[in-house]
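The values are calculated or read from the model by the stated rules, or taken from the named source; none is laboratory data. None of these values were measured; they are calculated from a predicted model. Positions of Cβ are backbone-derived with ideal geometry, glycine not excepted, and every protein chain shown enters the neighbour counts. In case anyone asks, the SASA skips ligands and DNA or RNA and just uses the protein heavy atoms, side chains included. Shrake-Rupley method; radii C 1.70, N 1.55, O 1.52, S 1.80 Å.
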Amino acid sequence: MSKTTISFSRTSLNKTIIISVGILLVVGFIWFFATSSSQTTAATGDAVTMVNGIQIIQITARGGYKPNNINAKSNVPTSLWIQTTNTFDCSASVTIPKLNVRENLPNTGNTEIKIPEQASGTTLTGVCSMGMYSFKINFN
Ligand SMILES: [Cu+2]
C-alpha cells in the first residue's frame, strides 16, 4: 500500500518536473527570440529604417551628431532626417560636401535632406560649419 503511494507521488513529481522544464523551455524560447530580434535591430542601426522602399536615416544634431557612424544600404533612395532640439551650437549648420548640401537647421525641428542612390562602398561625410563635429554614412 505504502509502495503504491510512493510510486504515485514519484509520478506526480516527475510530472511537475516535466511541466517545469516545459515552462522553462517556452520562457527560454520567448526570451531568445525577443533578444535576438532586438539584436537584429541594433545591428542594422536604430538610425536606419526602410519605409515604402525609401531608406530613412534619422540622426540628431546638438553638440555633435548622434549616431555619427551609420551603416546604410547602397542603391536605395534615401532620406536623411536631422532632428534638432534647442540646438544653438554649430552642429545646426551642416554641410555634406560630396552632395553640395549646406543646410542651416532650425534650432528645433526636423529637416529632410534627400540623398540620391549611392554606390556600394561610398562614404558620405557630414560636417558642421566649423568642422569640429562630423558624421559618416557608409553605404554597403
Ligand atoms: Cu562646429
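At-a-glance table
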quantity	calculated
Tally, over region 93-106, of residues that are outside any strand (DSSP E or B), open to solvent by 50 Å² or more (accessible area, probe 1.4 Å) and either within 16 Å of S134 (Cβ to Cβ) or within 15 Å of the ligand (Cβ to nearest atom) (or both)	2
Residue in region 39-55 that is in a loop (DSSP other than H, G, I, E, B), within 14 Å of the ligand (Cβ to nearest atom) and surrounded by 15 or more Cβ atoms within 10 Å (Cβ to Cβ) present	no
Residue selected from region 107-118 under the condition touching a strand residue (DSSP E or B) at 6+ places or on another chain (Cβ under 7 Å) and part of a loop (DSSP other than H, G, I, E, B), by the criterion surrounded by the fewest Cβ atoms within 10 Å (Cβ to Cβ)	N107
Test: residue in region 79-92 that is open to solvent by less than 70 Å² (accessible area, probe 1.4 Å), assigned to a helix (DSSP H, G or I) and hydroxyl-bearing (S, T, Y)	yes
Condition check for T60: open to solvent by 40 Å² or more (accessible area, probe 1.4 Å), within 16 Å of T49 (Cα to Cα) and within 16 Å of the ligand (Cβ to nearest atom)	yes
Residues that are surrounded by fewer than 17 Cβ atoms within 10 Å (Cβ to Cβ) and more than 16 Å from the ligand (Cβ to nearest atom), drawn from region 68-78	N69, N71, K73, S74, N75, V76, P77
First in region 83-100 and under 12 Å from T111 (Cβ atoms) and touching a residue at least 24 places away in the same chain (Cβ under 8 Å), second anywhere and open to solvent by less than 40 Å² (accessible area, probe 1.4 Å) and in a helix (DSSP H, G or I), Cβ under 6 Å, 6 or more apart	T84/A92
Residue list for region 119-140, restricted to those being open to solvent by 20 Å² or more (accessible area, probe 1.4 Å) and near the ligand (Cβ under 10 Å from one of its atoms)	V127, S129, M130, G131, M132, Y133, S134
